[in-house]
Amino acid sequence: MCGRYWLEKDEESGELVERMNRSPLLSRIPEDVPAAFGEIAPGSIAPALATNRAGEARIFPMRWGFERPSPLQAQNAPAGHLLINARSETAGSKPSFKDAWLSHRCALPASWYFEWRRAPDVKGRLRPQEKYALRPKGQGLIWLCGLYRMEGGFPRFVVLTREAAPQIFFIHDRMPLILSRADAESWIDPASDPKAFLERAETDVSYRREGGEEG
């Protein structure tokens, strides 16, 4: 899964956030939106690469997380909870994601993403305790694949996940679907086949545990 990611402030990311902040979409939300740097959590507004109505790649502000349907609409889907991830293997067939899978794909700029390795607590229960920062080796800005849809006139996204690369499986069994910038621009094209990108995702991932271990 992916429950947090980080956007480092530099020249490239600064330009992306500046373009996001110029979007008229921001007038549709009531709260002030801070610069989208640092740790980005579900519910946050973040820059996203997607196509406009003319089919051109542009940066838009999007909120992380689809609202779940109310209990009256679906069982086991409590109101107010966010869907933040979608499995890339099954997104094309799931009611919540299949339309976006075909025509509303996006890519999220990030410097790295976070994952928590589960470890036993004092009672021997497995709990998320060890925090790791991860990204493809030798890369700066990375692109997380996502899907988006409009809710209340504003776009919301989920991050697509895949089975984790072998070298990081000990941390978590899932990881985001990560593409190069060139592939990310092709990924968001509604005319492209999303399945064609699953085997092109970045898997040579390095990690750093807060306080020490690297790999």
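The values are calculated or read from the model by the stated rules, or taken from the named source; none is laboratory data. As the structure is a prediction and not an experimental result, all values here were calculated from the model. We place every Cβ from the backbone using ideal geometry, glycine too, and count neighbours over all the protein chains shown.
Can we say Ala57 is touching a residue at least 12 places away in the same chain (Cβ under 8 Å), in contact with a helix residue (DSSP H, G or I) (Cβ under 7 Å, 6 or more places away or on another chain) and either closer than 13 Å to Leu82 by Cβ or surrounded by fewer than 16 Cβ atoms within 10 Å (Cβ to Cβ) (or both)?
Working: touching a residue at least 12 places away in the same chain (Cβ under 8 Å): yes; in contact with a helix residue (DSSP H, G or I) (Cβ under 7 Å, 6 or more places away or on another chain): yes; either closer than 13 Å to Leu82 by Cβ or surrounded by fewer than 16 Cβ atoms within 10 Å (Cβ to Cβ) (or both): yes.
Yes; evaluated as a whole, the condition is true for this residue.
Would you check which residues across the range 141-153 are more than 15 Å from Pro42 (Cβ to Cβ) and over 8 Å from the mean Cα position of the chain (by Cα) and list them? Don't jump to the end; show me each part of the working.
Going through the range 141-153, the residues more than 15 Å from Pro42 (Cβ to Cβ) turn out to be 141-143, 145, 149-150, 152-153.
Answer for the range 141-153, where residues must be more than 15 Å from Pro42 (Cβ to Cβ) and over 8 Å from the mean Cα position of the chain (by Cα): Leu141, Ile142, Trp143, Arg149, Met150, Gly152, Gly153.
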Take the range 94-109 and flag every residue that is surrounded by 19 or more Cβ atoms within 10 Å (Cβ to Cβ) and part of a loop (DSSP other than H, G, I, E, B). Phe97, His104
Need pairs with beta-carbon distance below 7 Å; first residue more than 24 Å from Ala91 (Cα to Cα) and within the range 189-215, second part of a helix (DSSP H, G or I) and modelled with pLDDT of 90 or more; sequence gap 6+ or separate chains. Tyr207/Ile168; Gly215/Gln167
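For the range 23-68, please list each of the strands (runs of 3 or more DSSP E) lying entirely inside it that holds at least 3 residues being at pLDDT 95 or above and not aromatic (Phe, Trp, Tyr). Give the steps one after another, and end with the answer.
Working: elements: 38-40, 45-51, 57-64.
In the range 23-68, the matching strands (runs of 3 or more DSSP E) lie at 45-51, 57-64.
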Here the residues within the range 110-163 that are aliphatic (A, V, I, L, M), in contact (Cβ under 8 Å) with a residue 60 or more places away in the chain and in a strand (DSSP E or B) are Ala110, Ala133, Leu134, Ile142, Leu144, Leu147, Val158, Val159, Leu160
Check Arg105, Arg118, Arg149 and return the single one that is more than 16 Å from Gly215 (Cβ to Cβ) and at pLDDT below 95. Arg118
Output the residue which, of all residues in the range 69-93 that are at pLDDT 95 or above and part of a loop (DSSP other than H, G, I, E, B), is surrounded by the most Cβ atoms within 10 Å (Cβ to Cβ). Ser88
